[in-house]
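Here the structure is laid out as structure tokens; the discussion comes afterwards.
The values are calculated or read from the model by the stated rules, or taken from the named source; none is laboratory data. Everything numeric in this text was worked out from a predicted model, so none of it was measured. Ideal geometry is used to build each Cβ from the backbone, glycine not excepted, and the neighbour counts take in all protein chains shown.
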Amino acid sequence: MIRASTLALALLAGAACSGGPDPVTVYSEVVRHMTTEQGQPSGFRVIYVLDRVVGNRADPDDPAAGEPLGRAERAALAAALRDVAPVEFVSSRAEVVGPASEGARVENGGIFLTLGPISGDDDRVLVPASSYLGNVAASWQTWVVERVDDRWRVIGTKGPVAVS
């Protein structure tokens with residue numbers, strides 16, 4: 001565990017020194033934004049994240065195969081979010097969703113998230129993402145993430161926002 005934490009911190013430190021957006025830094029900001037509200041605790045006992053970047057920019061719930069998140073990226077993302085909730089990576093939503101007859105809720109008091117490909121430039125990027133809590137508690141949107149001072153921050157959304 002110490003090695004994974006050390007690797008995660010090294011990756012995050014390296015991201016701070018580079019000119020372009022580091023995927024771990026941007027994704028951790030999006031996940032933090034989606035699971036907390038204005039500095040309040042998340043309330044989730046676990047954050048389940050799809051183990052790959054969803055390949056369809058227009059629909060972050062599309063199960064089409066996307067680029068897998070590497071072991072180092074997953075470790076760094078989990079380390080960056082350890083103050084929010086434990087992060088677990090899963091290969092499908094079905095792994096963590098209960099029966100439809102019981103509302104198809106995410107198990108263990110968790111939330112399920114997907115992340116899409118990052119697009120943009122050195123100071124502003126777009127990240128399609130979705131969240132799922134149950135059959136009538138889901139959303140997808142494209143987050144606008146900007147470099148503010150020396151940090152990346154979600155500043156809003158662009159395009160349609162779908163909520164069920």
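Points to keep in mind about this one:
- Residue list for segment 63-113, restricted to those being within 14 Å of PRO23 (Cα to Cα) and in a strand (DSSP E or B): GLU67, PRO68
- Residues in segment 142-164 that are at pLDDT 90 or above, closer than 24 Å to PHE89 by Cα and not basic (Lys, Arg): 6 in all.
- Scanning segment 119-141 for residues that are under 25 Å from GLU95 (Cα atoms) and surrounded by 20 or more Cβ atoms within 10 Å (Cβ to Cβ) gives VAL127, PRO128, ALA129, SER130, SER131, TYR132, TRP140, GLN141.
- Restricting attention to segment 135-152, the residues that are farther than 29 Å from ARG105 by Cβ and outside any loop (DSSP other than H, G, I, E, B) total 6.
- Some residue of segment 106-113 being in contact (Cβ under 8 Å) with a residue 24 or more places away in the chain, small (Gly, Ala, Ser) and loosely packed, with under 15 Cβ neighbours inside 10 Å: yes
- Here ILE155 meets each of (1) free of Cβ contacts under 8 Å to residues at least 40 places away in the same chain; (2) outside any helix (DSSP H, G or I); (3) out of contact with any Asp or Glu (no Cβ under 9 Å at 6 or more places or on another chain); (4) hydrophobic (A, V, I, L, M, F, W, C) with one exception, condition (3).
- Residue list for segment 104-122, restricted to those being over 23 Å from THR142 (Cα atoms) and either modelled with pLDDT under 90 or touching a helix residue (DSSP H, G or I) at 6+ places or on another chain (Cβ under 7 Å) (or both): GLU107
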